[in-house]
């Protein structure tokens, strides 16, 4: 085991503070990564505050990780020392279930090993509850070579980090529903997920509209590449745009009326939830009257995540970020709750040297 500087919450709701964790030494198929940047996801706040239940403490958040390979196990074939790589929302899975065999490890039937707030695995693929996983608010991480991504050279590392969650979370449903030239896509919410959905949908050839309750986000949405902006709080907004969109990507984690947004879909359109609000009521008529679909989506598998990174490199897409020292993480959480970031905080791990 190796002692590693990190920032952790020791209990639900506790502020994050300097904390030493134990990382395993690289095994035969492992790579050790010196973390350079780690994005700060809204789900980090939910987990640290145990708002979804089942949190494991002490907790080191962070699942948008980029860095450099520093060591490899003697049987590693995919990576070499010095490679620029990334680690996303999970670091292992059972590898034998139907989902894993289909390359959708995020839906592992035995439960994926999340990058943090989860557990590593025994050799037989079952979870080892004596070995919790710790995330990227740290200086290094050790990961099986099969769960590591190649980060294209053309994407600045700090802008690449959020692609490992926000990027793949929005790319996956846009690809699944075959968004392309001539399609009309609406993005609900203009935060960390929403701004990536705008960029990716636009690169796929769609006409993109941002739907937001904040009219002051209009200029920012258009600057990101959106073709139009609708302030949903304005009178008649939902009536004026009824039946307009082929696909709606709903990124909002606060409660809102799904039925109203379903009314914006064309016949046979689909609205995809990638946020995680409290349970909402759905009227059957909102779906039946127009053969509409309400779907959900969650990140992507390893192969699809690599595909997303390559797509972003090809189209010159990176996240819009504010880089912070790790010592500012608690203030960053409060700012995120106020919506005071455009659009993703990213921790520069060089700041650990200041502790």
Q) Only one of 83, 44, 30 is farther than 15 Å from residue 115 by Cβ and either at pLDDT 95 or above or buried (at least 24 other Cβ atoms within 10 Å of the Cβ) (or both); which? A) 83
Q) For segment 282-355, list the strands (runs of 3 or more DSSP E) that sit wholly inside it and hold at least 2 residues that are under 22 Å from residue 136 (Cα atoms); which are they? A) 321-325, 344-348
**Q.** Residue within segment 239-262 that is free of Cβ contacts under 8 Å to residues at least 12 places away in the same chain, assigned to a helix (DSSP H, G or I) and surrounded by fewer than 21 Cβ atoms within 10 Å (Cβ to Cβ) present
**A.** yes
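So that you can scan it fast, the table gives a plain yes or no per residue for (1) at pLDDT 95 or above; (2) under 27 Å from residue 52 (Cα atoms); (3) crowded, with 19+ Cβ neighbours inside 10 Å; (4) not assigned by TED's automatic domain parsing to the domain that holds residue 148:
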position: 195; (1), (2), (3), (4): yes, yes, yes, yes
position: 213; (1), (2), (3), (4): no, yes, no, yes
position: 224; (1), (2), (3), (4): yes, no, yes, yes
position: 287; (1), (2), (3), (4): yes, no, no, yes
Q: Search segment 269-281 for residues being assigned to a loop (DSSP other than H, G, I, E, B) and either in contact with a helix residue (DSSP H, G or I) (Cβ under 7 Å, 6 or more places away or on another chain) or touching a residue at least 60 places away in the same chain (Cβ under 8 Å) (or both), and hand back the single one that is surrounded by the fewest Cβ atoms within 10 Å (Cβ to Cβ).
A: 280
**Q.** Qualifying positions in segment 91-132 - touching a residue at least 60 places away in the same chain (Cβ under 8 Å), touching a helix residue (DSSP H, G or I) at 6+ places or on another chain (Cβ under 7 Å) and within 25 Å of residue 61 (Cβ to Cβ)
**A.** 105, 107, 117
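The values are calculated or read from the model by the stated rules, or taken from the named source; none is laboratory data. For clarity, every value in this text was computed on a predicted model and none was experimentally measured. Don't worry about glycine lacking a Cβ; one is built from the backbone with ideal geometry, like all the others, and counts go over all protein chains shown.
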